[in-house]
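The values are calculated or read from the model by the stated rules, or taken from the named source; none is laboratory data. Nothing here was measured: the structure is a model prediction, and the numbers come from that model. Note that we place each Cβ from the backbone using ideal geometry, even for glycine, and neighbour counts take in every protein chain shown.
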């Protein structure tokens, strides 16, 4: 039997009047994959999820589930289960009734329904809450109820629209780990919308990074983090994001703040941007002279804001007390940690 949950999106665009919410996106999600749609607000990721769910129809393009064209199919005729940011629970119903609701709609026999509700509740550890109403539950318990309602359908595709954003930081971390384990144990394909890159980096097998209605890069979290394909992606992925410094090429050698860097590119001249992750910057006594402007103490590490002749950078260090504000230091970084981008096009440049 062919695995369920293969999703193919072909040149899908969505217009609202003259405004393009999506400008034509293509991606392919494998069965059983955890696929994140990551991007800032208004980038098109939630629009894409609504199109997958059948809540909206694309202006052009095709959506295929397991090889079947579902572009024109309404939501109720698609094999999908959706978990909304707001959880969308019915306040007058018990947890049991909320979980059973999709089965009621499908006219599932009562005995089978009871078994499936119990099973779904057990998978998310809320079997002891089945007779309560949503108003008697914490935010985390409501979120589990919404997940159980999705599980009970036994769909091949889970669509999750920022499901953790209403939880506090500690609960968000706990639930994130549980969600990944749950998806693995169910073997379902999950499409997860988030603006939180930490969620995308930790949960996703692969992710699509959306900006301004377009997909700018698709890859595993490790690939996107290690090799951002443009200045926009480099400046978005990472916390803090990559430092981006103006530089120029002199006979193929990048020159930053008057200092040649130990790299060469095929391009001989022009304006470029040098990118270095905060964790790759070393603060010490050798390198480019800099000044510590600000120290953000994070407990077991710190972010240092540094000004130098070429601008401002942020560095992450293990010791918050290592350097004081106003101190004169030097900064350096290894050639392997340098990313180069063309200033005009924004595209990544490869070292020769």
In region 298-333, residues that are closer than 16 Å to residue 288 by Cα and in contact with a helix residue (DSSP H, G or I) (Cβ under 7 Å, 6 or more places away or on another chain) total 3
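Test of understanding: among 159, 129, which residue is in contact (Cβ under 8 Å) with a residue 24 or more places away in the chain and more than 26 Å from residue 51 (Cα to Cα)?
Numbers: 159 fails: more than 26 Å from residue 51 (Cα to Cα).
After ruling out the rest, the residue left standing is 129.
Can you pull out every residue in region 322-345 that is part of a loop (DSSP other than H, G, I, E, B) and free of Cβ contacts under 8 Å to residues at least 12 places away in the same chain?
In the first step, residues of region 322-345 are kept if they are part of a loop (DSSP other than H, G, I, E, B); the result is 322-327, 333-334, 338, 343-345.
345, the sole residue that qualifies.
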Looking at the structure I just gave you, is residue 203 in contact (Cβ under 8 Å) with a residue 24 or more places away in the chain and either under 28 Å from the mean Cα position of the chain (by Cα) or under 30 Å from residue 322 (Cβ atoms) (or both)?
yes
| said: Given the criteria assigned to a strand (DSSP E or B), in contact (Cβ under 8 Å) with a residue 60 or more places away in the chain, over 25 Å from the mean Cα position of the chain (by Cα) and buried (at least 18 other Cβ atoms within 10 Å of the Cβ), does residue 283 qualify? | reply: no
Scanning region 130-149 for residues that are surrounded by 15 or more Cβ atoms within 10 Å (Cβ to Cβ) and farther than 17 Å from residue 83 by Cβ gives 130, 132, 133
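In region 286-317, what residues are assigned to a loop (DSSP other than H, G, I, E, B), in contact with a strand residue (DSSP E or B) (Cβ under 8 Å, 6 or more places away or on another chain) and at negative phi? Give the derivation first.
So in region 286-317, the residues assigned to a loop (DSSP other than H, G, I, E, B) come out as 286-287, 298-301, 309-310.
Adding the requirement that they be in contact with a strand residue (DSSP E or B) (Cβ under 8 Å, 6 or more places away or on another chain) leaves 286-287, 301, 309-310.
Passing the criteria: 286, 301, 309, 310.
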Taking region 239-258 and the residues there that are surrounded by fewer than 21 Cβ atoms within 10 Å (Cβ to Cβ) and in contact with a helix residue (DSSP H, G or I) (Cβ under 7 Å, 6 or more places away or on another chain), the one that is modelled with the lowest pLDDT would be 239
Requiring at least 1 residues that are surrounded by 14 or more Cβ atoms within 10 Å (Cβ to Cβ), touching a residue at least 40 places away in the same chain (Cβ under 8 Å) and at positive phi, the strands (runs of 3 or more DSSP E) wholly within region 20-99 are 60-65
Within region 259-271, residues in contact with a helix residue (DSSP H, G or I) (Cβ under 6 Å, 6 or more places away or on another chain) and either in a strand (DSSP E or B) or within 19 Å of residue 196 (Cβ to Cβ) (or both) come out as none
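Tell me which residues, restricted to region 212-229, are assigned to a strand (DSSP E or B) and in contact with a helix residue (DSSP H, G or I) (Cβ under 6 Å, 6 or more places away or on another chain). I'd like the intermediate steps shown before the answer.
Taking region 212-229 first, the residues assigned to a strand (DSSP E or B) are 214-219.
Selection gives 216, 217.
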All-but-one check, residue 118 against (1) out of contact with any helix residue (DSSP H, G or I) (no Cβ under 8 Å at 6 or more places or on another chain); (2) surrounded by fewer than 20 Cβ atoms within 10 Å (Cβ to Cβ); (3) assigned to a helix (DSSP H, G or I), failing number (1)
In region 53-64, residues that are more than 16 Å from residue 213 (Cβ to Cβ) and touching a strand residue (DSSP E or B) at 6+ places or on another chain (Cβ under 6 Å) total 4
